[in-house]
Amino acid sequence: MTDAETTALVERTRLSMTLMLIAASREVEAARGSDHRYAEAADAIRWIAGTMDQVSDDVLLKLVTVNQLSEGLLSTLIAARLSEVGGALPLYEDAKAFFASVEQQVDVILHNARQRLN
């Protein structure tokens, strides 16, 4: 893969993650009813989405690699992480902090995949 192709792939991944997070924030808002915590969580998800430029290219390449290995796995990991942290979302400083635990899961998945290939 050329540098230009890698750069394009990283940017598409960054945009895809941003859009995925914005969609998740809208789902949270729709479910909120009168509970203000849902509004705070939706705002936090949008904040995280707006800071995707803080996520390194290396992390984004890992995310896209896992996504290519298994259709839909990345969406599942992100949805699970959003569900796990719920009301704690406002505590995340930026997307880099949010994706740190997702990256750890991705590292384990990639390690296990390599082990199976050997």
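The table for this structure:
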| read-out | value |
| --- | --- |
| Which numbered condition Arg46 misses (of (1) free of Cβ contacts under 8 Å to residues at least 40 places away in the same chain; (2) crowded, with 16+ Cβ neighbours inside 10 Å; (3) closer than 16 Å to Val102 by Cβ) | (3) |
| Those residues of the range 75-114 which are surrounded by fewer than 11 Cβ atoms within 10 Å (Cβ to Cβ) and either charged (D, E, K, R) or on the phi > 0 side of the Ramachandran plot (or both), in sequence order | Glu84, Arg114 |
| Search result, residues across the range 54-74 that are charged (D, E, K, R) and surrounded by fewer than 13 Cβ atoms within 10 Å (Cβ to Cβ) | Asp58, Glu71 |
| Residues that are in a loop (DSSP other than H, G, I, E, B), hydroxyl-bearing (Ser, Thr, Tyr) and farther than 25 Å from Leu15 by Cβ, drawn from the range 34-57 | Ser34 |
| Candidates Thr6, Thr13, Thr2, Thr51, filtered to the one that is open to solvent by 50 Å² or more (accessible area, probe 1.4 Å) and β-branched (Val, Ile, Thr) | Thr2 |
| The range 62-91 residues that are closer than 17 Å to Asp107 by Cα and without any contact (Cβ under 8 Å) to a residue 60 or more places away in the chain, paired with ones that are acidic (Asp, Glu) and in a helix (DSSP H, G or I) (beta carbon under 9 Å, 6 or more apart) | Lys62/Glu103; Lys62/Asp107; Leu63/Glu103 |
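The values are calculated or read from the model by the stated rules, or taken from the named source; none is laboratory data. These numbers were taken from a predicted model, which means no experiment stands behind them. As a convention, Cβ positions derive from the backbone with ideal geometry for all residues, glycine included, and neighbour counts pool all protein chains shown. These accessible areas exclude ligands, DNA and RNA; they are computed on the full protein's heavy atoms, side chains included. Shrake-Rupley method; radii C 1.70, N 1.55, O 1.52, S 1.80 Å.
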